[in-house]
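The values are calculated or read from the model by the stated rules, or taken from the named source; none is laboratory data. Small disclaimer: the values here were computed from a predicted structure and weren't measured. Here the Cβ is made from the backbone with ideal geometry for all residues, glycine too, and neighbour counts use every protein chain on show. For accessibility, only protein heavy atoms count, side chains too; no ligands or nucleic acids. Shrake-Rupley method; radii C 1.70, N 1.55, O 1.52, S 1.80 Å.
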Amino acid sequence: MLSTKEELRNRKRQKFLKVCKTLRVCDSCIFKELVMMGDRSNDREMVESICGGCPNYKEMRIVGDDLWKTDTNIEAILQKRQDITTNEIVMLLKEGVPKKKIREALGMKSVIEFREFITLLSQIKIGECSDENIRRHN
């Protein structure tokens, strides 16, 4: 079953809370002045040499990479337009992409038609029905 909006918001909130927590630790770090001054913060090699061994930095990199990949992945999927697979639609919904944005990417003008499609998607098991079969039902 697809996640509720509240569950999606909570997942996003948890990611942002992780970022806030890691930044608070960095604010109290003795190396902050070396890393966060001017253009030096853009020098990844220098930052890695100072912060690379810090567990907090590693956690921040994991969360940052996750957020970066998610956004890039979502945009790439939406650009596929009508070639978006059903698995990708489910993933977009779970990631909290607005239904209107997905509907527009698919080229569906009718909100009702899109709702019926989403209902069908939630009622079937993705592994038992091919993308082509689902498209034929629309």
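In the set (1) surrounded by 15 or more Cβ atoms within 10 Å (Cβ to Cβ); (2) at pLDDT 85 or above, the condition left unmet by Ile77 is number (2).
Going through region 90-127 one residue at a time, which ones are assigned to a helix (DSSP H, G or I) and under 13 Å from the mean Cα position of the chain (by Cα)?
Answer for region 90-127, where residues must be assigned to a helix (DSSP H, G or I) and under 13 Å from the mean Cα position of the chain (by Cα): Val90, Met91, Leu92, Leu93, Lys94.
Tell me which residues, restricted to region 48-107, are among the small types (Gly, Ala, Ser) and touching a residue at least 60 places away in the same chain (Cβ under 8 Å). Correct list: Gly96 only. Scanning region 103-112 for residues that are within 24 Å of Glu75 (Cβ to Cβ) and open to solvent by 60 Å² or more (accessible area, probe 1.4 Å) turns up Glu104, Lys109, Val111. Checked across region 38-52, the condition of being at pLDDT 80 or above, part of a loop (DSSP other than H, G, I, E, B) and under 27 Å from the mean Cα position of the chain (by Cα) holds for at least one residue.
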